[in-house]
1. Which residue, chosen from Ile191, Ile211, Pro310, occupies the Cα position most advanced towards the positive end of the dipole of the chain, where the dipole is computed from +1 (Lys, Arg) and -1 (Asp, Glu) charges on Cβ about the Cα centre?
2. Straight-line reach only, C-alpha to C-alpha below 19 angstrom: list the lysines that Lys144 could link to, leaving out same-chain residues fewer than 8 apart.
3. So for Arg283, Arg100, Arg385, Arg302, fewest C-beta neighbours within 10 Å to most, what's the order?
4. What whole number of Å gives the distance from the Cα centroid of segment 38-74 to the Cα centroid of segment 278-318?
5. For the chain, what are the per-bin percents of Cα-Cα distances with bins 10 Å wide, up to the bin holding the maximum?
6. Which peptide among 49-58, 35-44 comes first, and what is the full order, when sorted by highest mean count of other Cβ atoms within 10 Å?
7. Taking the Cα centre of the chain as the origin, how large is its charge dipole in debye, to the nearest 20, when only Lys and Arg (+1) and Asp and Glu (-1) carry charge on their Cβ atoms?
8. Over 29 Å between C-alpha atoms is what I'm after, so list which of Lys140/Lys401; Lys293/Lys403; Lys54/Lys78; Lys11/Lys279; Lys249/Lys354 land there.
Amino acid sequence: MFYADLHIHSKFSRATSKDMSLETIEQWAQLKGIKLIGTGDFTHPQWLKEIELKLNEEGNGLLTLKKEYRLDVPDSCKEEIFFILSSEISCIYQKNGKLRKIHLVILSPSLKDATKINYALSQIGSLGSDGRPILGIDAKEAMKIILEISPATMIIPAHAWTPHFSVFGSQSGFDSLEECFEDLTPYIYAIETGLSSDPPMNWRLSELDKISLISNSDAHSPAKIGREANIFDIELDYKTITESIKTGKGFLGTVEFFPEEGKYHYDGHRICGVRLSPKESIRRNYLCPVCGKKVTIGVMHRVETLADRPEGFKPSKTLPFKSIIPLPEIIAEIKNTSTQSKSVFDTYMKILYKFGSEYAILLHKDLTEIEKFDSKLAEGIDRMRSGKVFVEAGYDGEYGKIKVFGEPAKSNFKGQTILF
């Protein structure tokens, strides 16, 4: 069994950390417990050159970092990491009288295929301007071009519910997959649910029963790798992975953000600091009570609009999922400080040296072992695993807040604390 994060970005994408190099991506994949990681941005010419320089093709559609580029990690986290060629494109175009902005994740089976895809897409728009290139082409047409060049390539609608750049987005999306992809819809085998939605929200649409619900981090910095991921129990090769997504065989489920933490879960107007539930938005006629302008309709509202099933409906065939809070956020809450502080990072590394990767700690480590080390940390992880969290939903580009203790961190547990 392994965890896979198939959608990230490189240092060549806008608003992305310059630390997103192949070396650092591999290093943080080990720290997080991610066995298979996307390269991100293979459509960018300079990034593709780095991929060709620093990665070895393993003959199975996956790649590994050459030994001379590997960075140190704690022995408790050391793991062979595999890369899968991935990228994201932004299709902006007019269709049915409306401006559409659809993001697609592309998984490629080889450097040869990636090079062919890049050449074809370069005839449509500039690939060197951004790691996530903007192309003035219908998403369906882009899909058609790519699949004609490389039939083994997999195309997945990215963060499918995000208001501004997704297939179901309230601002520029569609009301169904068929409306967007038409006769190519049968070649859509999965959607990426995004940070602001989780599987139960997607179960409310019967049209999604026949496809896989996958989750990825869409990381723009190394520490965000693995904030969402997929769980597989299959061989590590490209064909088996894509077949698993298509058929569900060997696909065990997903690791999720608490969707309220996503930055588009609720409706709202960030400039005015206004957060609204769907019912409140409707009651206010979708207008901001501060400035009177239209609020951004969030994911929860959009799901409610398109759903043909009631809240809480569970189809007969569903995969399990686990909701997590990133370990640095739990540490920062206990310390009552920022996740960016040196103190949080130092504590984070001490915990990894002791117990292994972040996923091992959050999802698998026996709590009694953690409790012997630090009782507050054990209680925080226990609350996360059982879903006993305090929620402040994100809206209009503002991340939500998920707390395990509330503010400030309060615990009834009396025990040993080494770290805090």
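1. About the Cα centre, the residue reaching furthest to the positive side is Pro310.
2. Lys95, Lys101, Lys112, Lys116, Lys246
3. Taking fewest neighbouring Cβ atoms as first place, the list is Arg283, Arg385, Arg100, Arg302.
4. 41 Å
5. 5, 22, 32, 27, 13, 2, 0
6. Averaged packing, sorted descending, gives the order 35-44, 49-58.
7. In debye, rounded to 20, the chain gives about 1020.
8. Lys140/Lys401; Lys293/Lys403; Lys11/Lys279; Lys249/Lys354
FYI, it's all coordinate maths here, none of it is from the lab. All values derive from a computational prediction rather than experimental measurement. Counting neighbours? That spans all protein chains shown, and the Cβs are built from the backbone with ideal geometry, glycine included.
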